[in-house]
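J.: Input: one structure, supplied below.
The values are calculated or read from the model by the stated rules, or taken from the named source; none is laboratory data. Computed from a predicted model, the values in this text were never measured in an experiment. Positions of Cβ are backbone-derived with ideal geometry, glycine not excepted, and every protein chain shown enters the neighbour counts.
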Amino acid sequence: MFEDSLLESHATSLTLRGNKTRAAAASLAIEFTVVALLVVLPLVFTQTLPKVEFRRPAVPITFGLLPMRAAEAPAHTSAVPAAPTQSPITAPAAIPQNTAIVADLPAASPSGAATEATGQPGGSPDGVVGSGSGVPASGFAVTPAPRPALLPAQPSRIAVSAGVTDGLLIRRVQPFYPSLARMSRVSGRVLIHAVIGRDGTIQNMQVVSGNPLLIQSAVDAVRQWRYRPYLLNGEPVEVDTEIAVNFTLGA
């Protein structure tokens, strides 16, 4: 029984090997046939190539540098303009007795342009000396006098030192010594920045420094002060200055 099973298995393996061999041979045959068809078919069924007509070029092809003919010269070339002809110098038929002297006149100025164009004493239309146009015999034209420079505008306010404004003071009102400051034995100076108007009155005040107990009394007194107008070029102007008010206990 064991021997029968071995024989059957051996026969089965031989059958499988034979089937594989036949399948491989068949696949090789099919592949070879396909390759042969792909190679042979293009050789059997050939297509006709299109006919190409070769034409001779219209322009001849030349190699190297050859001189161009007159007909082949570029059209954009322009002829060189001929030099202008000059007339020959000839001697005059007669020499005049009186020769005119031409004067080199300067450029016309805005003030003398009209006189030079009309032949008035400011100049001559033809620039000839001795023609009765008023040009000096020396050959030089008379130039107008320069205009005076304009003066700068006068300022409306100038800064003046305290010493100068003290000399202009015509009315001084003594400040009242505050009782609280006197009781506290407070003394010192109050400095005020002020603007004096053209009429000599105090226009504006600003306290710069001072004891708070003395400031109000100093401002009330300075507001009543009067000054002479400060003159600049004969005209009154505003003055920007500083005013000092001193408070002394013994005074």
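Residue-wise test of (1) hydrophobic (A, V, I, L, M, F, W, C); (2) surrounded by fewer than 12 Cβ atoms within 10 Å (Cβ to Cβ); (3) in contact (Cβ under 8 Å) with a residue 12 or more places away in the chain.
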position: R157; (1), (2), (3): no, no, yes
position: S161; (1), (2), (3): no, yes, yes
position: P175; (1), (2), (3): no, no, yes
position: R185; (1), (2), (3): no, yes, yes
position: A221; (1), (2), (3): yes, no, yes
position: Y227; (1), (2), (3): no, no, yes
position: N233; (1), (2), (3): no, yes, yes
position: D240; (1), (2), (3): no, no, yes
position: G250; (1), (2), (3): no, yes, no
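J.: Let me ask something additional. Which members of the stretch 154-213 meet the condition of being part of a loop (DSSP other than H, G, I, E, B), modelled with pLDDT of 90 or more and under 17 Å from E235 (Cβ atoms)?
T.: The answer is V160, G197, R198, D199, G200.
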